[in-house]
Amino acid sequence: MSYNTFGHLFRVTTWGESHGPALGATVDGCPPGVALDEGMIQHWLDRRKPGQSRHTTQRREPDAVEILSGVYEGRTTGTPIQLMIRNLDQRSKDYGNILDTFRPGHADITYFQKYGLRDPRGGGRSSARETAARVAAGGVARAVLRDLMPALAITGYMVQMGPHHIDRARFDFAEIDRNPFWVPDAQAAEDWATALDQIRRDGNSVGAMIEVTASGLPAGLGAPIYAKLDTELAAAMMSINAVKGVEIGAGMAAAGLTGVENADEIEMGADGPRYRSNKAGGILGGISTGQDVVVRFAIKPTSSIHTPRASITRAGEPTDVVTKGRHDPCVGIRAVPVGEAMMACVLLDQLLMHRAQTGASGPVGQIGG
């Protein structure tokens with residue numbers, strides 16, 4: 001299986017399976033001399049790990065990261081950083097009943113059609129467990145960004161769960177870390193808890209929409225054609241397990257706008273250009289404007305559910321599939337830190353490419369003055 005690597009100058013290769021002995025990431029291209037230790041990465045992994053509330057899978061994994069290379073005396077050396085996370089709470093027997101059947105909505109059938117075999121234990125590489133490695137790599141990226149762009153803040157949160165939306169009039173960043181849904185709306189968090197409890201009791205699952213913003217980003221990151229900042233972000237978010245759609249700024253809603261409504265008017269401020277709106281999501285022509293970069297992605301409902309679904313066996317015979325085991329009734333909850341990690345990796349990669357091309361860490365063209 002190829003294509004396990006993403007990034008250009010800051011490159012991340014993930015490895016491992018859901019029920020193997022371990023999984024992890026190899027991070028190449030990290031600048032030398034950056035302060036980094038396991039605790040700095042663990043902070044982000046702890047936000048993603050399972051079993052932290054009744055609304056996520058009850059698989060108990062500490063997700064303790066180990067740094068095997070690339071760091072000496074608390075600082076990066078510039079050589080590849082090898083990160084490992086051991087799997088300690090696998091229950092492979094839960095998947096014995098689907099050894100020869102395909103779960104509807106899951107990658108079981110396409111993996112078998114492509115490779116002629118598959119790992120039925122939690123889905124192998126197609127499991128959301130793979131995203132732990134991305135979060136670990138994102139922790140490395142954040143450590144570098146902390147030095148190179150100290151004003152940068154990356155924040156992810158849920159804005160929709162199934163048919164339930166947040167009320168933007170009640171948007172409160174302080175609420176995000178106060179509830180298990182990472183939702184900036186206290187009332188929505190309370191309502192969603194009740195709704196998700198019923199979904200779990202019904203043996204069902206539900207999808208979600210995640211929004212990730214990056215503030216404090218300078219203008220000038222990205223390139224006009226094949227390395228557009230929005231192109232790279234869309235690809236990164238789309239690569240996350242279970243993601244079925246990505247949009248930047250106004251996104252799909254831009255199709256219903258007029259030119260007058262969509263144009264982010266510009267005026268000159270004390271510190272340079274400023275915009276009266278942000279329909280563009282902080283990116284114009286593939287290049288950052290200096291506004292907040294806003295990305296949203298849609299997560300489909302978890303395919304492993306306790307409600308029988310019609311499918312076929314490897315022999316082509318009809319059957320009903322019920323997936324046993326411990327699964328997220330809304331996998332979108334734990335996708336929030338994953339989206340943040342992918343944003344961090346892309347932004348660092350783009351910053352390094354910008355510096356390589358222009359020799360500058362901020363905008364080259366100065367306006368006004």
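The values are calculated or read from the model by the stated rules, or taken from the named source; none is laboratory data. Note that the structure is predicted; figures quoted are calculated from it, not measured. Cβ coordinates were reconstructed from backbone atoms using ideal geometry, including for glycine residues, and neighbour counts include every protein chain displayed. For the accessible areas, the whole protein counts, side chains as well, though only heavy atoms, and no ligand, DNA or RNA atoms are used. Shrake-Rupley method; radii C 1.70, N 1.55, O 1.52, S 1.80 Å.
Excluding the site residues themselves, the longest part of the chain lacking any GluC sites (Glu not before Pro) in a DSSP loop with at most 11 other Cβ atoms within 10 Å is 74-264. Stretched out straight at 0.36 nm per residue, the stretch from A22 to I266 would grow longer than its current Cα-Cα span by 82.8 nm. The residues of the chain have, on average, 46 Å² of accessible surface per residue, using a 1.4 Å probe with all protein chains present. Full extension of the segment from D197 to A35, taken as 0.36 nm per residue of separation minus the current Cα-Cα distance, would add 54.1 nm. Since only F297, L217, L351 are under comparison, the one whose Cα sits farthest along the positive direction of the charge dipole of the chain, derived from C-beta charges on Lys, Arg, Asp and Glu, is F297.
Within region 256-362, the trypsin sites (Lys or Arg not before Pro) that combine a DSSP coil assignment with at most 12 other C-beta atoms in a 10 angstrom radius are R276. Screening the chain for DSSP H helices whose Cα atoms reach 15 Å or more along their own axis and whose mean Kyte hydropathy is at least -0.5 gives 131-148, 332-358. Each Cα pair under 8 Å and six or more residues apart adds its sequence gap; the mean of these over the residue count of the chain is a relative contact order of 22 percent. For D46 and F171, FRET efficiency with R0 = 25 Å and r from the beta-carbon atoms, rounded to 0.05? The formula returns an efficiency of 0.50 here. In region 243-369, the inverse of the mean reciprocal separation of distinct Cα atoms equals 18.8 Å; this is its Kirkwood hydrodynamic radius. Based on Cα contacts under 8 Å between residues 6+ apart, region 239-369 shows a relative contact order of 21 percent. Report summary: the helix-based calculation at 222 nm, which adds -39500 (n - 2.57) for every DSSP H run with n ≥ 4 and divides by the residues of the chain, gives -8000 deg cm²/dmol. Using volume of the Cα convex hull per residue in Å³ as the read-out, say which of (i) 172; (ii) 163; (iii) 152 was calculated from these coordinates. Recomputing volume of the Cα convex hull per residue in Å³ here gives the entry labelled (iii). Each part gets one Cα centre, and for region 289-331 versus region 197-218 those centres are 13 Å apart.
Just the protein heavy atoms count here, and of the accessible area of region 229-369 at 1.4 Å, carbon and sulfur take up 53 percent.
Per residue, the average separation of C-alpha pairs within less than 8 Å and at least 6 apart gives region 300-369 a relative contact order of 22 percent. The slack between L117 and S215, meaning 0.36 nm per residue of separation minus the straight C-alpha distance, is 30.9 nm.
Among the protein heavy atoms of region 1-47, carbon and sulfur supply 57% of the accessible surface, probe 1.4 Å, non-protein parts ignored.
What range in the chain is the longest one free of chymotrypsin sites (Phe, Trp or Tyr not before Pro) that are in a loop by DSSP and have at most 10 other Cβ atoms within 10 angstrom? Between the exposed loop sites, the longest stretch runs 4-225.
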